[in-house]
Amino acid sequence: MAQQQKQPYYQQSSKELLTKFSTTDAGLSKQEAQQRLTQNGPNSLVANKRKNVLQRFIDQFKDFMIIVLLVAALVAGFSGEIADAVIIMLVVILNAVFGVFQEMQAEAAIDSLKEMSAPKANVLRGGNVVTINSEDIVTGDIVLLEAGDVIPADLRLIEAQQLRLEESALTGESVPVEKSVKALNAGTDEKVSLGDQINMAFMNSNVTNGRGVGLVVATGMQTEVGRIAGMLNQADETKTPLQENLNHLGKVLTWIILGLSVLIFVLGLLNRQESVLNMLLTAISLAVAAIPEGLPAIVTITLALGTKRMAKRHAIVRKLPAVETLGSTDIIASDKTGTLTQNKMTVERIFENNELTDAKTSQVTLDDKVVRIMTLANDTKINADGELLGDPTETALVQFGLDHQLDVADLIKQLPRAGEVPFDSERKLMTTIHQLDDNRYLIATKGAPDQLLPRTTHYQLNDKMPEMDAKERETILATNTKLAKQALRVLGMAYKIVPTLPAEITTETVEQDLTFAGLIGMIDPERPEVANAVAEAKGAGIRSLMITGDHRDTAEAIALRLGILQPDEHDAVITGSELDALSDAEFAKKVPDYVVYARVAPEHKVRIVKAWQKRGKVVAMTGDGVNDAPALKTADIGVGMGITGTEVSKNASDMVLADDNFSTIVVAVEEGRKVFANIQKAVQYLLSANLGEVLTLFMMTILGWQILAPVQILWINLVTDTFPAIALGLEPMERDIMKHKPRGRDSNFLSGGVTSSIFYQGLLEGGITLLVYWLAINYPVHAAANLAHADALTMAFATLGMIQLFHAFNVKSIHGTIFHRGIFANRSFNWAILASAVLLAATIVMPGFNKLFHVTHLDWFQWGIVLGASLSIIVIVEIVKFFQRRFHKA
């Protein structure tokens, strides 16, 4: 970091620092610069050592559920069940490949920081100006700055002529900062925030105006941007709720299944005296039936389908779990500048002729004095394409005229500048002189109202110019205060017309005896769609926070206008310095009290995110600047801005808004909730079906019946688990999905009545299948015992598969009736069920498959029993749901 020395650089004079860094106004010698470069290394950012593709691939197999599946695949392979082993391995490997691809796509934040570095810089070496690669800059170098330059390292300014820097990507400050060279708070312990260090220039900031000279005090990872890069390297990758849910679910299921497998292995040996190998195969069949090995792949596919839908709605997902995470979001912590606001200064209010009006509705012309002054006392350039170049505040003044269809370019051309008194931070005024058609001269002055008013003797009131009196002065000052309280940046306009140019153009000769023309109030306005998005998020139980590097008053005013802050919540605003005064324990208790955070540094943002996470909340952090990157990476989901966002913030994010529209976040939350609901349906479907399979095998073993063959269980899993479960991911969105409170971090796929549904529905599936087998054995179609057993096994096989396909309709809604939702609304689902049914029936009805799958042909009567039994699960579950709804209402 650039400020680890005992006394911060901004407190030291330039003379002291030149001595400290052993340099002079002429810069370093070439030999000294080369020596320092060799000693300290290049002026570049360093990333942590990254894992190679093989290491990433191996990491994918560290999940507990995956490990058990690998063991099951190995045992199945050694036992001769090659088909089982191959299918399990293919699913596991496919899931690992998906994981590696997503991870490699996600880790590019530090590379983007490198790309942002200025490629060239003008420095003094031995008294000569030389242009060098920014990587070759060393501490002690003297760097020359002019408009358009990118700051190549952290500098302590030693010269500044009207120098203004745009630092919003680092500090969150929406307005370019006027720089000076004076030492700040020298000899004190008072800390100055980055945004207020006006004698410093930070790496990757942009020079918007003026010229300057700076002494390099920090390079590479020692700069403020380098410090952020270090924070990115050290930031913990937060596990998403989806990952936590799947890990927890996998561990619980696996231990239960392993316990059941061991139990059936022991009971089988005790009851039937089977060989160890036969009972081992039976136990493996049970494990294959029970473990939802397709779940990771189905979740991945469902998330991928969700990302496609979100991309069409301008939300680009970079990490698949982010789709679901947004659906569980409790907190949206948003940067202000460029995210909630337009990052474009705009004239909002005009005070002239003693009337305060809205800028958009003001009826103005080029003869209007305020318009003339704001256009002429202005250094904005208009290029051939009509693009405005210059300081954002000044370009906003010219844009005001363009927005009102005024030919400002023609006005500037007709009234060329004949002289000027440039702006400086001492007097806070700027004056330009223009020759009129009658050879007189217009003096146009703009600047801070408190500096401008003492220089006025009259004021404009329509076509008259009365003398400035105490009452009028009080009216103007009151209006200035009113606008300032609305967080508007206020500029005053004044003028006078003189017959000849003064012999010497100075503030004393031209900025006296002026006529006050009016005030204009400017602000970086909120995005028009954000207020509705904030309200919609609030209706969905999501709390919106504003986190910004801007001043307290500005942040509070914007938050009020957006509905993030209520008028009676003044105490809900806190600054970075006030936050520093709180310990982590104190802040953890008070964090729910704060809604707006102003004048904050990057480490504050991370601290805020972590404080909410410790309270069990799922936090989404939006941002567009370099300074947002660490918090974006720390948050449960980082949301970057696609248009105004830096590459650093985009690459540190889980999701990028292609339209920079805050309301797209609400769309993404809605889509995330839909994805979770559909995955939950798939989980309910898979686990209840697998429970039915486990119960069938378990009871057949206990009762001494002939059990289903492993290939039959595998085929049922392949046919019934894959297509219907994926199709459930395409279910339409439930109408009231945005009226529920966020699920939060503690919820999981088994909550909300899913667990009880899985148990009773799984028991139904297994019980009905066993009943069909019992009927086929006791009331056989064929007299021969071997045919009766073969038919019974075939009917049980068909029933166990078909009942799962019919049950898929039940899980379209956990508690609601499927008929209210439109039973055939999801065409993909209908085709999936049909295809699965055909594949299942083909093993029985198509010649040649009977031997492979150990089944017999069934007649129409037997098929009638299978289909009737399978269809009964819809009737039974609908009856249960009816009573559940009645009980819930009661």
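Tell me which residues, restricted to the range 577-616, are out of contact with any helix residue (DSSP H, G or I) (no Cβ under 9 Å at 6 or more places or on another chain), assigned to a helix (DSSP H, G or I) and of a type in the set (Gly, Ala, Ser).
Ser577, Ala585
Of all residues in the range 128-143, which are aliphatic (A, V, I, L, M) and in a strand (DSSP E or B)?
Across the range 128-143, the qualifying residues are Val129, Val130, Ile132, Ile142, Val143.
Residues checked against (1) of a type in the set (Lys, Arg); (2) modelled with pLDDT of 80 or more; (3) surrounded by 17 or more Cβ atoms within 10 Å (Cβ to Cβ):
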residue: Val181; (1), (2), (3): no, yes, yes
residue: Gly187; (1), (2), (3): no, no, no
residue: Met203; (1), (2), (3): no, yes, yes
residue: Gly212; (1), (2), (3): no, yes, yes
residue: Gln222; (1), (2), (3): no, yes, yes
residue: Ala229; (1), (2), (3): no, no, yes
residue: Gln243; (1), (2), (3): no, no, no
residue: Val252; (1), (2), (3): no, no, no
residue: Ile264; (1), (2), (3): no, no, yes
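Mind listing whichever residues of the range 541-574 are crowded, with 18+ Cβ neighbours inside 10 Å, of a type in the set (Gly, Ala, Ser) and within 23 Å of Ala668 (Cα to Cα)?
Ser544, Ala559
What number of residues within the range 422-448 are surrounded by 14 or more Cβ atoms within 10 Å (Cβ to Cβ), assigned to a loop (DSSP other than H, G, I, E, B) and without any contact (Cβ under 8 Å) to a residue 40 or more places away in the chain?
Qualifying residue count for the region: 1.
Hey, among the residues in the range 543-596 that are among the β-branched types (Val, Ile, Thr) and in contact with a Gly (Cβ under 9 Å, 6 or more places away or on another chain), which one's modelled with the lowest pLDDT?
Quick first cut of the range 543-596, residues among the β-branched types (Val, Ile, Thr) only: 547-548, 554, 558, 564, 573-575, 591, 595-596.
Among the residues that remain, those that are also in contact with a Gly (Cβ under 9 Å, 6 or more places away or on another chain) are: 547-548.
Details: Ile547: 88, Thr548: 85.
This residue is Thr548.
Just checking, which of Gly327, Gly338, Gly386, Gly390 is out of contact with any helix residue (DSSP H, G or I) (no Cβ under 6 Å at 6 or more places or on another chain), among the small types (Gly, Ala, Ser) and closer than 30 Å to Ala635 by Cβ? Walk me through it before giving the result.
Working: Gly327 fails: out of contact with any helix residue (DSSP H, G or I) (no Cβ under 6 Å at 6 or more places or on another chain); Gly386 fails: closer than 30 Å to Ala635 by Cβ; Gly390 fails: closer than 30 Å to Ala635 by Cβ.
Of Gly327, Gly338, Gly386, Gly390, the one residue that is out of contact with any helix residue (DSSP H, G or I) (no Cβ under 6 Å at 6 or more places or on another chain), among the small types (Gly, Ala, Ser) and closer than 30 Å to Ala635 by Cβ is Gly338.
Given the conditions (1) of a type outside the set (Asp, Glu); (2) in contact with a Gly (Cβ under 7 Å, 6 or more places away or on another chain); (3) assigned by TED's automatic domain parsing to the domain that holds Ile637; (4) modelled with pLDDT of 90 or more, and given that Thr325 satisfies all but one, which numbered condition is not satisfied?
Here Thr325 clears every test but (4).
Condition first: crowded, with 21+ Cβ neighbours inside 10 Å and outside any strand (DSSP E or B). Now tell me which residues in the range 481-519 satisfy that.
Leu483, Ala487, Leu488, Val510, Glu511 - these are the residues of the range 481-519 that are crowded, with 21+ Cβ neighbours inside 10 Å and outside any strand (DSSP E or B).
Taking the range 333-359 as the search range and keeping residues that are free of Cβ contacts under 8 Å to residues at least 40 places away in the same chain and within 41 Å of the chain's Cα centre (by Cα), which one is surrounded by the fewest Cβ atoms within 10 Å (Cβ to Cβ)?
Initially, the range 333-359 is screened for residues free of Cβ contacts under 8 Å to residues at least 40 places away in the same chain, giving 355, 357-358.
The next check asks that each one be within 41 Å of the chain's Cα centre (by Cα); those that pass are 357-358.
Numbers: Thr357: 14, Asp358: 9.
If we take residues in the range 333-359 being free of Cβ contacts under 8 Å to residues at least 40 places away in the same chain and within 41 Å of the chain's Cα centre (by Cα), then Asp358 is surrounded by the fewest Cβ atoms within 10 Å (Cβ to Cβ).
Pull up the range 870-890, narrow it to residues that are free of Cβ contacts under 8 Å to residues at least 12 places away in the same chain and either part of a helix (DSSP H, G or I) or touching a Gly at 6+ places or on another chain (Cβ under 7 Å) (or both), then point me to the one that is surrounded by the fewest Cβ atoms within 10 Å (Cβ to Cβ). Talk me through it step by step, then tell me what you get.
Going through the range 870-890, the residues free of Cβ contacts under 8 Å to residues at least 12 places away in the same chain turn out to be 875, 879, 883, 886-887, 889-890.
Next, only the ones that are either part of a helix (DSSP H, G or I) or touching a Gly at 6+ places or on another chain (Cβ under 7 Å) (or both) stay: 875, 879, 883, 886-887, 889.
Numbers: Val875: 9, Ile879: 10, Phe883: 9, Arg886: 9, Phe887: 8, Lys889: 6.
So the residue we want is Lys889.
Would you mind telling me which numbered condition in (1) surrounded by 17 or more Cβ atoms within 10 Å (Cβ to Cβ); (2) free of Cβ contacts under 8 Å to residues at least 12 places away in the same chain Asp385 fails?
Of (1) surrounded by 17 or more Cβ atoms within 10 Å (Cβ to Cβ); (2) free of Cβ contacts under 8 Å to residues at least 12 places away in the same chain, only one is false for Asp385: (1).
Within the range 535-543, identify whether any single residue is outside any helix (DSSP H, G or I), free of Cβ contacts under 8 Å to residues at least 60 places away in the same chain and either over 26 Å from Glu474 (Cβ atoms) or not assigned by TED's automatic domain parsing to the domain that holds Arg440 (or both), and answer yes or no.
no
So which residues in the range 544-559 are assigned to a loop (DSSP other than H, G, I, E, B) and more than 20 Å from the chain's Cα centre (by Cα), if there are any at all? Please lay out each step first, then the result.
Taking the range 544-559 as the starting set, the residues that turn out to be assigned to a loop (DSSP other than H, G, I, E, B) are 548-551.
Asp550, His551, listed by residue number.
Taking the stated definitions as given, is Ile768 among the aliphatic types (A, V, I, L, M) and more than 21 Å from Asn830 (Cβ to Cβ)?
Against the criterion (among the aliphatic types (A, V, I, L, M) and more than 21 Å from Asn830 (Cβ to Cβ)), Ile768 qualifies.
Take Ile823 and decide whether it is more than 24 Å from Thr701 (Cβ to Cβ), touching a residue at least 12 places away in the same chain (Cβ under 8 Å) and out of contact with any strand residue (DSSP E or B) (no Cβ under 6 Å at 6 or more places or on another chain).
On the way: more than 24 Å from Thr701 (Cβ to Cβ): yes; touching a residue at least 12 places away in the same chain (Cβ under 8 Å): yes; out of contact with any strand residue (DSSP E or B) (no Cβ under 6 Å at 6 or more places or on another chain): yes.
It is true that Ile823 is more than 24 Å from Thr701 (Cβ to Cβ), touching a residue at least 12 places away in the same chain (Cβ under 8 Å) and out of contact with any strand residue (DSSP E or B) (no Cβ under 6 Å at 6 or more places or on another chain).
For the range 501-509, check the following and say yes or no: at least one residue is farther than 23 Å from Val398 by Cβ, without any contact (Cβ under 8 Å) to a residue 24 or more places away in the chain and touching a His at 6+ places or on another chain (Cβ under 8 Å).
The answer is no, given that none of the residues of the range 501-509 is farther than 23 Å from Val398 by Cβ, without any contact (Cβ under 8 Å) to a residue 24 or more places away in the chain and touching a His at 6+ places or on another chain (Cβ under 8 Å).
Kindly indicate whether any position in the range 449-472 is buried (at least 20 other Cβ atoms within 10 Å of the Cβ), under 41 Å from the mean Cα position of the chain (by Cα) and at pLDDT below 95.
Yes.
Against the definition (in contact with a strand residue (DSSP E or B) (Cβ under 7 Å, 6 or more places away or on another chain), modelled with pLDDT of 80 or more and in a strand (DSSP E or B)), how does Val207 come out, yes or no? Lay out the reasoning, then the answer.
Working: in contact with a strand residue (DSSP E or B) (Cβ under 7 Å, 6 or more places away or on another chain): yes; modelled with pLDDT of 80 or more: yes; in a strand (DSSP E or B): yes.
When the stated conditions are applied, Val207 passes them.
For the range 727-744, does any single residue satisfy the condition of being without any contact (Cβ under 8 Å) to a residue 60 or more places away in the chain, assigned to a helix (DSSP H, G or I) and not β-branched (Val, Ile, Thr)?
Residues of the range 727-744 without any contact (Cβ under 8 Å) to a residue 60 or more places away in the chain: 735-736.
If we keep only those that are assigned to a helix (DSSP H, G or I) too, we end up with none.
The answer is no; no qualifying residue exists.
How many residues are at pLDDT 75 or above and assigned to a helix (DSSP H, G or I) if we restrict to the range 698-717?
Number of matching residues: 10.
The values are calculated or read from the model by the stated rules, or taken from the named source; none is laboratory data. The structure displayed is predicted, hence computed values, not measured ones. Neighbour counts run over all protein chains shown; Cβ positions are idealised from the backbone, glycine included.
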